[in-house]
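One structure below.
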Amino acid sequence: MRATGEHGIWGPIAKFVVNKPGFAGGIVGIFLLITAFNMFNLDFEFDTVKKFPEDLPSRVGYEIVETRYDKGELAPTTLLIESNQAMDQNEVTAFTEKLTENDNIASVRLTAQSEDTKALKLSVVLAIDPYSTEAMDMITDLRENTPDLLKELSISGESYYSGVTAKLVDERDVNNRDIITIVTLETLLILVLLFALTRSIRMPIYMMTTILLSYVSALGLGIFLVDVLFGYDALSTRVPVYAFIFLVALGIDYNIILVSRFIEERKAHRVKDALEIAIRNTGGVISSAGIILAATFAALTTMPIADLFVFGFIVAIGILIDTFLVRGMLLPALILLFEKDKQASHNRQ
């Protein structure tokens, strides 16, 4: 037996959405788009030590070194040169002098040499923060330009950069590739499952579109709030990836609950009536689950590590946006605007 009560606040909300879908969906859509545009202000933070509490001994020592010495001493870069022929001291000196002509390199020191002098290990100390994006871009340029520099000095060999900054360059490249891969594969797999579940072409598109919009909105709003409220002006590269996995998975669950009820009710009601019943009867369960889940992730904001703090904060915001705005208003508005009644008069008899 279907309940016919008002179901708390969701009865009036359901009536409002189905009676004014353009207004309800438009307001939510504008809010999501505005917050999503803040994604363009996303900056990544690669300095893990700076995410520790300020009074932690490791961070205190780190900042002393940063203040009193060349910043590159925090994490020197290692350059390995393997040549096909022995390298004399003049060639080594000429090479190190060429490198130090770069204003962002503080010093270059020979730290090891093979017995046949065909392999050299150099310590390259940067004049800039080795964890910064500027340093990472510089290492990328050095990787590309060092082979030409060796040829210019008539040194036949290969060059390899390693160390913290070089590792961060690889991490950034892998992370950028992983974001594209994860977003593409997860979106496609979920769409396939939704097509099979709903047996509809348009419904999964509505659901997936609103979920993706909800994610970028949560990320954009989260970036703004953690900066204004807590002073975090950059995020770890892991936060957007982890947030996407959780928010899309959780958000699609809530949408499936709504859409499944809508599909069931549509067998006996018009689109408008079926949607109102679905919103009204699933609202309490979904909103309660969303609040509990958001509070669970918000508990991560008590952690002293910035990555966990920001991740928990953004996911909590995303769950609330999806629970109340996307699932409760935007998705129903899209369904009502684009879905048409089929044999409505017959079903109403």
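Annotations for the structure displayed:
- Residue 14 satisfies every condition listed in (1) surrounded by 14 or more Cβ atoms within 10 Å (Cβ to Cβ); (2) at pLDDT below 70; (3) closer than 30 Å to residue 288 by Cα; (4) not basic (Lys, Arg) except (2).
- Checking segment 56-72 against the condition returns no match, with no residue being crowded, with 17+ Cβ neighbours inside 10 Å, closer than 30 Å to residue 321 by Cα, charged (D, E, K, R) and modelled with pLDDT under 90.
- Among (1) under 13 Å from residue 322 (Cβ atoms); (2) more than 13 Å from the chain's Cα centre (by Cα), the one test that residue 229 misses: (1)
- Count of segment 140-174 residues, restricted to those that are of a type in the set (Val, Ile, Thr) and in contact (Cβ under 8 Å) with a residue 40 or more places away in the chain, is 4.
- Unique match (being modelled with pLDDT of 90 or more and among the aliphatic types (A, V, I, L, M)) among 218, 249: 218
- Filter result (surrounded by fewer than 11 Cβ atoms within 10 Å (Cβ to Cβ) and farther than 21 Å from residue 151 by Cβ) within segment 84-115: 103, 115
- Lone qualifier among 268, 218, 278, 274 - being part of a loop (DSSP other than H, G, I, E, B) and either surrounded by fewer than 22 Cβ atoms within 10 Å (Cβ to Cβ) or among the hydrophobic types (A, V, I, L, M, F, W, C) (or both): 268
- Given (1) at pLDDT below 95; (2) among the hydrophobic types (A, V, I, L, M, F, W, C); (3) crowded, with 19+ Cβ neighbours inside 10 Å, number of the condition residue 303 does not satisfy: (3)
Quick grid of which residues meet (1) free of Cβ contacts under 8 Å to residues at least 24 places away in the same chain; (2) among the aromatic types (Phe, Trp, Tyr); (3) closer than 17 Å to residue 319 by Cβ:
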| position | (1), (2), (3) |
| --- | --- |
| 202 | no, no, no |
| 214 | no, no, yes |
| 217 | no, no, yes |
| 236 | no, no, no |
| 240 | no, no, yes |
| 254 | no, yes, yes |
| 262 | no, yes, no |
| 266 | yes, no, no |
| 284 | no, no, yes |
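- Flag for residue 240 being under 27 Å from the mean Cα position of the chain (by Cα) and farther than 29 Å from residue 184 by Cα: no
- Taking segment 81-133 as the range and being in a loop (DSSP other than H, G, I, E, B) and either touching a residue at least 60 places away in the same chain (Cβ under 8 Å) or among the small types (Gly, Ala, Ser) (or both) as the test, the residues that pass are 84, 85, 86, 87, 114, 127, 129, 131, 132.
- A residue that is more than 30 Å from residue 309 (Cα to Cα), modelled with pLDDT under 90 and either surrounded by fewer than 11 Cβ atoms within 10 Å (Cβ to Cβ) or in contact with a strand residue (DSSP E or B) (Cβ under 7 Å, 6 or more places away or on another chain) (or both) occurs nowhere in segment 131-153.
- Residue check, residue 191 of a type in the set (A, V, I, L, M, F, W, C), modelled with pLDDT of 90 or more and more than 20 Å from residue 321 (Cβ to Cβ): yes
- Residue in segment 326-349 that is over 23 Å from residue 20 (Cβ atoms), assigned to a helix (DSSP H, G or I), modelled with pLDDT under 90 and in contact with a Lys or Arg (Cβ under 6 Å, 6 or more places away or on another chain) present: no
The values are calculated or read from the model by the stated rules, or taken from the named source; none is laboratory data. Worth saying up front: this structure is predicted, and the values here are computed from it rather than measured. Using ideal geometry, Cβ is built from the backbone for each residue, glycine included, and neighbour counts are taken over all protein chains shown.
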